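The values are calculated or read from the model by the stated rules, or taken from the named source; none is laboratory data. All of these numbers come straight from a predicted model, not from anything done at the bench. Positions of Cβ are backbone-derived with ideal geometry, glycine not excepted, and every protein chain shown enters the neighbour counts. Only protein heavy atoms, including side chains, enter the accessible area calculation; ligands, DNA and RNA are left aside. Shrake-Rupley method; radii C 1.70, N 1.55, O 1.52, S 1.80 Å.
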Amino acid sequence: MALVLPDAHRDQRLLILGVALAVFVLSTAGLATLVEPIPTWYYHLAWWSYIVAADDLNHRISGRSLLRDRPRHFAWLAFVSVLWWTLFELLNLRLGNWYYVMSLPSRGVRWSAGAVAFASVLPGILETLELFENRGWPLSVRVRPLRWSRAKEHVMVAMGLAFFALPLAWPDVFFPLTWGSFVFLLEPWNRRWARRSFLRDLETGEAAPFLRTLTAGLVCGALWEAWNFWARTKWVYTVPVFERLKLFEMPLAGFLGFPPFAVECVVVLRFLGGLADRLGPARAHRVRAAAVIAGPAAVLVMFAAVDPVVVDSVYVPLARLDLVSAGARSRLSASGITSPERLLRETRDPARRRELAARTGLTVDEVERVRERVALVAHRGIGLDRARELDGIGLRTLSELRTWTPEAIASSLRARRPSDPRNRFLERRARVWFESLGPMDGGR
């Protein structure tokens, strides 16, 4: 029987969906036209507008909405999401699999923006999964019923412990095991105590819930990577062995990690729900209150620990790029060119460079030199501080960068600033800088 909503509710529903779609379309248009500060905030705008739109679609299909029906639960879910991703940021201090470029320069704003991004992880996965469940994709997938035993439970928990420990001991070899270790650790407990369990589903011969979650993870991963790729403030991967074959910023093989990560997220949430049931309302309330108090402190400790290591560059507008002469910056800013991206767009061919020279009163050679310096700053998120370091070892343009090797650059930069926390994975980041440069001319 179709759900009939009163006109006021239907109008509200259409308004929410319309606003979410408008935010996404306008932010995408703003990104394409470089309207500030949208390039910096594009990932947040795109992902959160998707979450609101997905929630509204779920309400349209099933009459249920996390945001409208259970706003306090949604807020708790976002809070848990921040704590959950905090764990992976701490693990990344050992793994070194990703870092951030063109970040916000203010530490407080940068950390706040990070928390808002982390808060979207679990809501995004759950809203996407609910879309699949509401549509019945897939409705049912019958498999041979799983025969469970205490021995299998012990093996599964042992695998979870190994999957968690091995990447910490040998990160360059076992880093992929990080994405899924909690499935093996917690799902046996969920089978016993949680309201829902993938293992119980498989014991009945039903694989559809498991496959839906895997698919939701792949969809979310594709969206995460697409929106991250086009944003100015982004993360960049430095995954051993798989650095060359990429889709967006992610190595192709890395997309295999998103499906088990989604399963892991659902398993953790079911574990928390089952634990609350076991504790009872009063004790569960006290545990949540303790988490609300201790959680933000833990997140702040995480940011303090990881920020110096994983934030490799911050965004600096053209007016403050002191590798370019003050006079050139002033004239370019007066002509409306305020960001490195706009400067590179306005000078992408010789005709445009001549036109810009005539408009600003700079010579064509000056425009060429400015473009070369700005191109180095913008390339793969190198940023102003790193560009200054490269300038100190004699590298001022991408052409000069091409004549070196990643190892030689990393060695030279480390020698200049041996105590820089960003040096922990400097060779990997230097290899990222060489992506899309083409062959080197007999590098040093």
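Figure legend. Inter-residue proximity from the range 399-423: first residues within 22 Å of D307 (Cα to Cα) and open to solvent by less than 30 Å² (accessible area, probe 1.4 Å), second residues assigned to a helix (DSSP H, G or I) and among the charged types (D, E, K, R), beta-carbon distance below 7 Å, spacing 6+ or different chains. Indicated pairs: A410/E427; L413/E389; N423/R414.
From the list G257, G221, which residue is in contact with a helix residue (DSSP H, G or I) (Cβ under 6 Å, 6 or more places away or on another chain) and under 21 Å from V121 (Cβ atoms)?
Answer to the selection: G221.
Out of the residues in the range 368-398 that are assigned to a loop (DSSP other than H, G, I, E, B) and over 15 Å from V314 (Cβ atoms), state the one that is least open to solvent (accessible area, probe 1.4 Å). Looking at the filtered set, the residue picked out is L395. Listed by position, the helices (runs of 4 or more DSSP H) contained in the range 254-348 that have at least 1 residues being more than 30 Å from T86 (Cα to Cα) and among the aliphatic types (A, V, I, L, M) are 326-334, 340-346. Annotation note: Cβ proximity below 7 Å between a residue of the range 249-277 that is within 21 Å of R429 (Cα to Cα) and a residue that is open to solvent by 40 Å² or more (accessible area, probe 1.4 Å) and in a helix (DSSP H, G or I) (sequence gap 6+ or interchain) occurs for E249/F229; F255/L218. The lone criterion from (1) free of Cβ contacts under 8 Å to residues at least 24 places away in the same chain; (2) buried (at least 20 other Cβ atoms within 10 Å of the Cβ) left unmet by V101 is number (1).
Name the single residue that is nearest to the chain's Cα centre (by Cα) among those in the range 281-297 being open to solvent by 50 Å² or more (accessible area, probe 1.4 Å) and in contact (Cβ under 8 Å) with a residue 24 or more places away in the chain. Per the stated criteria, the residue is V292.
Here R278 passes the criteria (1) surrounded by fewer than 21 Cβ atoms within 10 Å (Cβ to Cβ); (2) touching a strand residue (DSSP E or B) at 6+ places or on another chain (Cβ under 8 Å) except the one numbered (2). Of the residues making up the range 114-131, those that are aliphatic (A, V, I, L, M) and within 13 Å of H73 (Cβ to Cβ) number 2. When residues of the range 174-192 are filtered for being without any contact (Cβ under 8 Å) to a residue 40 or more places away in the chain and over 19 Å from L275 (Cα atoms), how many remain? So the count comes out to 2. Somewhere in the range 352-361, is a residue within 19 Å of T33 (Cβ to Cβ) and among the acidic types (D, E)? Yes: the range 352-361 contains one or more residues that are within 19 Å of T33 (Cβ to Cβ) and among the acidic types (D, E). Go through (1) open to solvent by 40 Å² or more (accessible area, probe 1.4 Å); (2) modelled with pLDDT of 95 or more one by one and return the number of the condition G336 breaks. G336 satisfies every listed condition except (2).
If you go through the range 260-270 and keep only what is open to solvent by 20 Å² or more (accessible area, probe 1.4 Å) and under 19 Å from the mean Cα position of the chain (by Cα), you end up with just P260. Pairs are defined by a Cβ separation below 8 Å, a sequence spacing of at least 6 or placement on different chains, a first member in the range 355-367 that is assigned to a loop (DSSP other than H, G, I, E, B), and a second member that is basic (K, R) and open to solvent by 20 Å² or more (accessible area, probe 1.4 Å); the pairs so defined are G361/R331; L362/R331.
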